[in-house]
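Structure first, then comments.
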Amino acid sequence: MEVRKILWPTDFSSSAEKALPHVKSLTEKYSAEIHVVYVVEDTAHHDPWYGVFDEDHVNRIVEYGQKVAGERLGQICKKYLEGCPLYIRHIAMGDPAQEILKLIGYEKIDMVVMTTRGQEGLFPFGSVTEKVVKNSPVPVITVPILKEETETEA
């Protein structure tokens with residue numbers, strides 16, 4: 001199997017960071033590109049929490065989310081991924097699992113590396129990870145995150 005492009009989805013949680021040693025190792029082994037993706041939740045399609053937001057307010061929330069995501073991706077790439085031959089940052093908006101699956105096809109990703117648990121940490125297998133594993137056309141390596149690990153970090 002030839003691995004030229006590896007996708008690492010992140011939600012900026014400490015759980016997601018636990019996949020980085022695996023991402024770096026695989027990237028160095030295969031001299032592959034790293035594609036790092038963060039998905040901004042599309043707040044416009046959720047039920048209102050504290051009243052209804054007008055379109056301008058929703059757009060400002062989305063713009064702020066994209067700005068922060070860009071800054072965080074830059075920090076992660078600079079801090080953790082310097083030793084990798086090439087890394088490419090992606091910011092998507094929508095449902096995380098769906099956007100990850102779209103990116104796999106669009107960028108012709110060969111392998112995905114992600115943790116079994118993200119921000120939520122409530123279930124033994126995160127819902128995003130489960131959807132990606134069940135629907136991915138390429139191999140998905142899952143890095144287990146034990147419940148005890150997420151509890152001690154909180």
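Among residues of region 13-25 that are under 15 Å from T129 (Cα atoms), those with a beta-carbon under 9 Å from a residue that is aromatic (F, W, Y) and surrounded by 21 or more Cβ atoms within 10 Å (Cβ to Cβ) at least six positions away or on a different chain give the pairs A16/W8; A19/W8.
Just to check your reading of the model, which residue among V39, V23 is β-branched (V, I, T), assigned to a helix (DSSP H, G or I) and at pLDDT 85 or above?
Details: V39 fails: assigned to a helix (DSSP H, G or I).
Among V39, V23, only V23 is β-branched (V, I, T), assigned to a helix (DSSP H, G or I) and at pLDDT 85 or above.
Among the residues making up region 9-34, those that are small (G, A, S), more than 20 Å from G65 (Cβ to Cβ) and surrounded by fewer than 19 Cβ atoms within 10 Å (Cβ to Cβ) are S25, S31.
Among residues of region 88-118 being in contact (Cβ under 8 Å) with a residue 60 or more places away in the chain and among the charged types (D, E, K, R), the one that is nearest to I141 (Cα to Cα) is D110. Considering region 119-154, and only residues there that are modelled with pLDDT of 85 or more and touching a Pro at 6+ places or on another chain (Cβ under 8 Å), the residue that is farthest from E41 (Cα to Cα) turns out to be V132. Number of residues in region 5-20 that are outside any strand (DSSP E or B) and not small (G, A, S) equals 6.
The values are calculated or read from the model by the stated rules, or taken from the named source; none is laboratory data. Keep in mind it's a predicted model, so treat the numbers as computed, not measured. As a convention, Cβ positions derive from the backbone with ideal geometry for all residues, glycine included, and neighbour counts pool all protein chains shown.
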